[in-house]
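Every read-out reported here was derived from the displayed coordinates using simple, explicitly stated rules and does not represent laboratory data. Treat the numbers as computed from the prediction; the structure is a model and nothing was measured. In this analysis, Cβ positions are derived from the backbone assuming ideal geometry, glycine residues included, and neighbour counts consider all displayed protein chains.
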Amino acid sequence: MIKQLCRKMFRKSLWVYHANSGGCNGCDIEVLNVLTPYYDAERFGIKLVGSPRHADVMLCQGPAMRPTAAALRRAYEAMPEPKLVFAIGSCACGGGIWHDSYNVLGPVEKVIPVNYYIPGCPPRPEAILYGVALALGLVEKKMCPVTLQRRRLPIPRYHPESLVGTGIEIVYKDAEKV
Amino acid sequence: MSLLSKIRETVLCLKAGRVTLPYPAEPRPVPPRFRGRPIFDAAKCIGCAGCANNCPAREILVHDVCQELRIIQYLGRRCTFCGRCADVCPEKAVTMSHDFETATNAIADLSQRLELFMSTCQRCGRCFPEPSPLERLKLKGYRFDDVASERWIFHSKGYLDAESTVADIRIDLD
Ligand code: SF4
Ligand code: SF4
Ligand code: SF4
């Protein structure tokens, strides 16, 4: 649904505003790397602007911190509708390795709504480009939650008389013996 | 002078050619030692929680829902891809993949959840995986060994048949 909304709302160039609310600068460097000719995000019409009032998209780096949360909120509110927020890096997605520090509130999600997450510490420039392309509907999402189950029958560990050799493995004759 | 420098600039730019990568259209391989998303393997994991204890981001949660079921949950949201979980895992159940295209619009997409069956220790009543680490240590004289004729089982899935073989003796030297 967000993708369709994106296509409809952001048919023209996306102008991005780059907000660091307390990251270590690793992600900022990767974001600027994306704007270099080598990765060239400008071919998607992405342009870095200096004010949230001109921007459609906010790129958040760093966790929401106690001192910067209010400023982040104000920057978000200053952006004109419709707006998108990208959380770039582990800090913005989930608080990062400093998630339990005294002045870290947690992910930026706690302060402003987030539309797209790009995990990594810092994410590769390609990963950021992939996230942008995902938002523009150019690529398909590759992630989904995984649950792996490994269940076995209860094993009669202390009843060696119920064990029978088959040549390779032990076979349990009556498993309900436990 | 200024015109000359402009011409020189143009020549330089033309000489460089096209440097932009065609990235989202074409795949871009990662360097061989690149660490991407960790992948957990339920078949190998023994539920020791070493990864959870060593994760600097406290990203892996371990909880026992009942006596026999242990849940290992990797959240994925604040993972720094440091590879410590893969480093400490005694069973090599965690692999650092080359997966970097992990951008998503729902953060729960990144989670991995392992549901492990754990046996119950008859002495202390706490759960431990089967085969247990004790079995893996191949202790002499543990459980089904044939103490009378001095034959030992060194594999948790092994068994002894009636006649002793030469192989038994060879393992015993260990
Ligand atoms: S995600 Fe990693 S690189 Fe990015 S700001 Fe946080 S600590 Fe720095
Ligand atoms: S890679 Fe590092 S941060 Fe991520 S789960 Fe493993 S130990 Fe934790
Ligand atoms: S993944 Fe490895 S370290 Fe983590 S609980 Fe399983 S066996 Fe232990």
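Look at A:Cys121, B:Cys79 and count the other Cβ atoms within 10 Å of each Cβ; fewest to most, that gives A:Cys121, B:Cys79.
Taking Lys and Arg as +1 and Asp and Glu as -1, the other residues whose beta-carbon sits under 13 Å from that of A:Leu35 total -2.
To the nearest whole number, what is the average tally of beta carbon atoms from other chains within 10 Å of the beta carbons of peptide B:69-82?
Numbers: counts 2, 1, 1, 1, 1, 1, 2, 8, 12, 16, 8, 9, 6, 2.
Mean number of neighbouring Cβ atoms from other chains: 5.
Residues A:Tyr38, A:Tyr102 in ascending order of nearby Cβ atoms (within 10 Å, fewest first): A:Tyr102, A:Tyr38.
Neighbour counting of Cβ atoms within 10 Å sorts the residues B:Glu101, B:Glu115, fewest neighbours leading, into B:Glu115, B:Glu101.
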